[in-house]
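Dropping a structure here in structure tokens format, bear with me for questions.
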Amino acid sequence: MDKENLVALYRQMVLIRVFEDRAAEMYAKAKIAGFLHLYNGQEAVAVGSVSALHPDDDVVVNYRDHGWALARGSSARAVMAELFGRATGTTGGRGGSMHLVDVKNRFWGGYAIVGGHLPLAAGLAAAAQYLKTGRVTLCSMGDGSTNIGTFHAALNWAKLWNLPVIFLVENNQYAMGTHYDVHSAVPMLQKAAGYNMYAEEVDGMDVMAVREAVCRVAERARKGEGPSFLNVVTYRYRGHSMADPDVQRDKAEIAQWRERDPIVRFATDVLLKRNLVTPKELEDIRESVEREVEDAIEFADKSPEPALDTLYDYIYQQPVRNMQIAGSLIRPPTIAKDIPTNGKHA
Ligand SMILES: Cc1ncc(C[n+]2csc(CCOP(=O)(O)OP(=O)(O)O)c2C)c(N)n1
């Protein structure tokens, strides 16, 4: 990788870190509703992975998705506006934090149901195989989702059909507050071995290690060598979500992982060591990121909420709208005509 691309990886990781810290502040100010699962500590996983993919590959992830959307190329403005529930967000304010989707980047979300997206990943890969598009699907999930039935169904099918899919376990070692040793009966790689699937363990605090591993397995998939499994060992610095007081985890453990911070480590061991940047240039990058995120907050705050009369838009795809089912026409109601408003929206 040349200097420009290495610096871009650094900037993206800083962008995700700053974005998440500011999102936490916005949540505390009640600018963001619902749940908010932050990505601090795991930045190297999304950034390293996406840098190894082609722009038209498919990416699908769980609800800890802001970092992935940003790494995949969604603007900070569109992601922040989505968190604020505004019409200018990635899905017009309809998805919110746990359902970020950005079709132009083939970023398919953002799934709140643990393990719910794994069969979809296998389906995306099956479509790519059938249509011979050469696309690879990358499916990231938490360690907790490897205990769910859909995990086993998706791995089984992917191996059986030799699908071009990468199952990437973003192993931050906790499902909510429960450690992997307590919630899983077997070590992670044994789960891949159960399906005779190619697997590697990767240091998730090292952006280059993640990038290299994803390059390797994406190459395998493109050559028709089928699915792969990556156990990417990482750590999240914050609680499970903003609603989690994070009392189960040992503070000393968190401090130990912070010493291996992926951003500091990449800056020190790669950028500064190889004289690719000066400390002043790193400072300038942080300042420009802070300005970008500040601008995103202002943009989100000034953006309109989705109009009330669009409430039923996008629930069904257009062809379904006029479809006859059991003799009756499916037609979404409109606020004005069909919904009793009790005078509220009159
Ligand atoms: C099917 C289902 N069961 C339970 C939940 C509640 N739940 C939300 S997150 C979570 C923990 C998942 O942990 P993990 O997969 O390790 O992901 P991480 O949050 O660490 O990224 C649980 C049990 C859910 N959303 N869906």
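The values are calculated or read from the model by the stated rules, or taken from the named source; none is laboratory data. Predicted model, so just to flag it, every value in this text is computed and none were measured. Quick reminder, even Gly has a Cβ in these numbers, built from the backbone with ideal geometry, and neighbours come from all protein chains shown. Just so you know, the surface numbers come from the protein's heavy atoms only, side chains and all, with ligands and any DNA or RNA stripped out. Shrake-Rupley method; radii C 1.70, N 1.55, O 1.52, S 1.80 Å.
Determine if the stretch 223-237 includes at least one residue that is more than 30 Å from Gly149 (Cβ to Cβ) and basic (Lys, Arg).
At the first step, the residues of the stretch 223-237 found to be more than 30 Å from Gly149 (Cβ to Cβ) are 223, 237.
If we keep only those that are basic (Lys, Arg) as well, we get 223.
Scanning the stretch 223-237, I find at least one residue that is more than 30 Å from Gly149 (Cβ to Cβ) and basic (Lys, Arg), so the answer is yes.
Of everything in the stretch 59-74, what is in contact with a His (Cβ under 9 Å, 6 or more places away or on another chain) and open to solvent by 10 Å² or more (accessible area, probe 1.4 Å)? Give them in sequence order.
Passing the criteria: Asn62, Tyr63, Arg64.
Now for a separate question. Please list, ordered by first then second residue, the pairs with beta carbon atoms under 6 Å, 6 or more apart or interchain, first in the stretch 111-128 and on the phi > 0 side of the Ramachandran plot, second open to solvent by 10 Å² or more (accessible area, probe 1.4 Å) and within 16 Å of the ligand (Cβ to nearest atom).
Taking only residues 6 or more apart or on different chains, the pairs are Gly115/Ile148; Gly115/Thr150.
Here's another thing I want to ask about it. Before we move on, is Glu200 among the acidic types (Asp, Glu), more than 16 Å from the ligand (Cβ to nearest atom), touching an Asp or Glu at 6+ places or on another chain (Cβ under 9 Å) and open to solvent by 10 Å² or more (accessible area, probe 1.4 Å)? Can you show your working first?
Details: among the acidic types (Asp, Glu): yes; more than 16 Å from the ligand (Cβ to nearest atom): yes; touching an Asp or Glu at 6+ places or on another chain (Cβ under 9 Å): no; open to solvent by 10 Å² or more (accessible area, probe 1.4 Å): yes.
So Glu200 does not fit the description; no.
Oh, and also: Give Val59, Val45 a once-over and let me know the one that is among the β-branched types (Val, Ile, Thr), under 16 Å from the mean Cα position of the chain (by Cα) and not in a helix (DSSP H, G or I).
Values: Val45 fails: not in a helix (DSSP H, G or I).
Every option except Val59 fails the conditions.
Could I ask something else about it? Kindly establish whether Met205 is touching a residue at least 40 places away in the same chain (Cβ under 8 Å) and closer than 26 Å to Asp57 by Cα. Reasoning before the result, please.
Numbers: touching a residue at least 40 places away in the same chain (Cβ under 8 Å): yes; closer than 26 Å to Asp57 by Cα: yes.
Yes: the conditions hold for Met205.
Also: Might you check whether a residue that is out of contact with any Asp or Glu (no Cβ under 6 Å at 6 or more places or on another chain), more than 25 Å from Asn5 (Cβ to Cβ), in a helix (DSSP H, G or I) and away from the ligand (no atom under 15 Å from the Cβ) occurs anywhere in the stretch 104-115?
no
Continuing with this model, one more query. Consider Asp2 against the criteria (1) in contact (Cβ under 8 Å) with a residue 24 or more places away in the chain; (2) under 30 Å from Leu272 (Cα atoms); (3) open to solvent by 20 Å² or more (accessible area, probe 1.4 Å): it satisfies all of them except one. Which criterion is unmet?
Going through the list (1) in contact (Cβ under 8 Å) with a residue 24 or more places away in the chain; (2) under 30 Å from Leu272 (Cα atoms); (3) open to solvent by 20 Å² or more (accessible area, probe 1.4 Å), Asp2 breaks only (1).
Just one of Ala199, Ala243 is hydrophobic (A, V, I, L, M, F, W, C) and more than 30 Å from Tyr130 (Cα to Cα); which is it?
Details: Ala199 fails: more than 30 Å from Tyr130 (Cα to Cα).
Just one listed residue meets the conditions, Ala243.
In the stretch 59-80, how many residues are more than 16 Å from the ligand (Cβ to nearest atom) and within 14 Å of Leu36 (Cα to Cα)? Show your work before the answer.
Here is the first cut: in the stretch 59-80, the residues more than 16 Å from the ligand (Cβ to nearest atom) are 70, 72-80.
From the residues that got through so far, the ones that are within 14 Å of Leu36 (Cα to Cα) too are 79-80.
Number satisfying all stated conditions: 2.
Have a look at Ala218, Ala255 and point out the one that is part of a helix (DSSP H, G or I) and in contact with a Leu (Cβ under 7 Å, 6 or more places away or on another chain). Even if it seems obvious, please write down each step before you answer.
Working: Ala255 fails: in contact with a Leu (Cβ under 7 Å, 6 or more places away or on another chain).
Of the residues listed, the single one that is part of a helix (DSSP H, G or I) and in contact with a Leu (Cβ under 7 Å, 6 or more places away or on another chain) is Ala218.
Within the stretch 22-40, track down each residue that is in a loop (DSSP other than H, G, I, E, B), more than 15 Å from the ligand (Cβ to nearest atom) and of a type in the set (A, V, I, L, M, F, W, C). If you could, list the steps in order and put the result at the bottom.
The initial filter retains those residues of the stretch 22-40 that are in a loop (DSSP other than H, G, I, E, B), namely 29-40.
Applying the additional criterion that residues be more than 15 Å from the ligand (Cβ to nearest atom) yields 29-33.
Selection gives Ala30, Ile32, Ala33.
With respect to the numbered conditions (1) out of contact with any Phe, Trp or Tyr (no Cβ under 6 Å at 6 or more places or on another chain); (2) in a helix (DSSP H, G or I), which one is the sole condition not fulfilled by Gly239?
Answer for Gly239: the failing condition is (2).
Can we say Val59 is touching a helix residue (DSSP H, G or I) at 6+ places or on another chain (Cβ under 6 Å) and modelled with pLDDT of 95 or more? Outline the logic, then answer.
Details: touching a helix residue (DSSP H, G or I) at 6+ places or on another chain (Cβ under 6 Å): no; modelled with pLDDT of 95 or more: yes.
Considered against the rule, which asks whether it is touching a helix residue (DSSP H, G or I) at 6+ places or on another chain (Cβ under 6 Å) and modelled with pLDDT of 95 or more, Val59 comes out as no.
How many residues does the stretch 132-146 hold that are more than 9 Å from the ligand (Cβ to nearest atom) and either without any contact (Cβ under 8 Å) to a residue 24 or more places away in the chain or open to solvent by 10 Å² or more (accessible area, probe 1.4 Å) (or both)?
4
Hey, could you check the stretch 166-193 for residues that are touching a Leu at 6+ places or on another chain (Cβ under 8 Å) and without any contact (Cβ under 8 Å) to a residue 60 or more places away in the chain and say which is farthest from the ligand (Cβ to nearest atom)? Give the derivation first.
Going residue by residue through the stretch 166-193, those that are touching a Leu at 6+ places or on another chain (Cβ under 8 Å) are 166-169, 191-192.
Next cut, without any contact (Cβ under 8 Å) to a residue 60 or more places away in the chain only: 191-192.
Values: Lys191: 13, Ala192: 16 Å.
Out of the qualifying residues, it is Ala192.
Considering only residues of the stretch 41-58 that are open to solvent by 10 Å² or more (accessible area, probe 1.4 Å) and not acidic (Asp, Glu), which is nearest to the ligand (Cβ to nearest atom)? Talk me through it step by step, then tell me what you get.
Just the residues of the stretch 41-58 that are open to solvent by 10 Å² or more (accessible area, probe 1.4 Å), to begin with: 50-56.
Subsequent filtering for residues that are not acidic (Asp, Glu) retains 50-55.
Details: Val50: 17, Ser51: 21, Ala52: 20, Leu53: 20, His54: 25, Pro55: 25 Å.
Per the criteria, the residue is Val50.
Go through the stretch 221-236 and give me each residue that's in a strand (DSSP E or B) and of a type outside the set (S, T, N, Q).
Of all residues in the stretch 221-236, those in a strand (DSSP E or B) come to 228-233.
Matches in the stretch 221-236: Phe229, Leu230, Val232, Val233.
Let me ask something else. Taking Arg94 as the residue in question, decide whether it is assigned to a loop (DSSP other than H, G, I, E, B) and within 14 Å of the chain's Cα centre (by Cα).
Values: assigned to a loop (DSSP other than H, G, I, E, B): yes; within 14 Å of the chain's Cα centre (by Cα): no.
It is false that Arg94 is assigned to a loop (DSSP other than H, G, I, E, B) and within 14 Å of the chain's Cα centre (by Cα).
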